[in-house]
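Trainee: So that we are looking at the same thing, I have put the structure below in structure tokens.
The values are calculated or read from the model by the stated rules, or taken from the named source; none is laboratory data. Everything quoted here is computed from the prediction, not taken from an experiment. Every residue, glycine among them, receives a Cβ derived from its backbone with ideal geometry; neighbour counts consider all protein chains shown.
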Amino acid sequence: MYETILVAVDGSNCAERALTEAIALARGMGSALRVLYVADARVPDDSLVYAPPAQLAEDFRVDTEAVLPRAVERARAHGVK
């Protein structure tokens, strides 16, 4: 039914559950799975914390390098491309 399934991950528990469901769906349907890292760059209006944009970008890059490979490995371990 679905040729390709896209799932967004960010390292949260909710994203982990979504990945689990996407893997099961892709495996059951013989679909390819695409994993996308999504970062929430919003800062609460009342936040007193400031980080330079370059630091935020670096933090997102580091998070991506930690979260995305794990998600892809989980999918591959379940036989999903």
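Trainee: Select from the stretch 25-42 the residues that are surrounded by fewer than 16 Cβ atoms within 10 Å (Cβ to Cβ) and free of Cβ contacts under 8 Å to residues at least 24 places away in the same chain and write down the one among them that is nearest to Asp59 (Cα to Cα).
Mentor: Ala41
Trainee: Does the stretch 2-24 contain at least one residue that is of a type in the set (Lys, Arg) and either in contact (Cβ under 8 Å) with a residue 40 or more places away in the chain or surrounded by 12 or more Cβ atoms within 10 Å (Cβ to Cβ) (or both)? I'd like the intermediate steps shown before the answer.
Mentor: We begin by selecting, within the stretch 2-24, every residue of a type in the set (Lys, Arg); these are 17.
Next, from what is left, pick out any that are either in contact (Cβ under 8 Å) with a residue 40 or more places away in the chain or surrounded by 12 or more Cβ atoms within 10 Å (Cβ to Cβ) (or both): none.
Checked against the condition, which is being of a type in the set (Lys, Arg) and either in contact (Cβ under 8 Å) with a residue 40 or more places away in the chain or surrounded by 12 or more Cβ atoms within 10 Å (Cβ to Cβ) (or both), the stretch 2-24 yields no hits at all.
Trainee: Here is a list: Ala51, Ala39. Which entry is part of a loop (DSSP other than H, G, I, E, B), touching a Ser or Thr at 6+ places or on another chain (Cβ under 8 Å) and modelled with pLDDT under 85?
Mentor: Working: Ala51 fails: touching a Ser or Thr at 6+ places or on another chain (Cβ under 8 Å).
Within the list Ala51, Ala39, the selection yields Ala39.
Trainee: Would you confirm whether any residue within the stretch 68-81 is among the small types (Gly, Ala, Ser) and at positive phi?
Mentor: Here is the first cut: in the stretch 68-81, the residues among the small types (Gly, Ala, Ser) are 71, 75, 77, 79.
Still in the list and also at positive phi: 79.
Yes, some residue in the stretch 68-81 is among the small types (Gly, Ala, Ser) and at positive phi.
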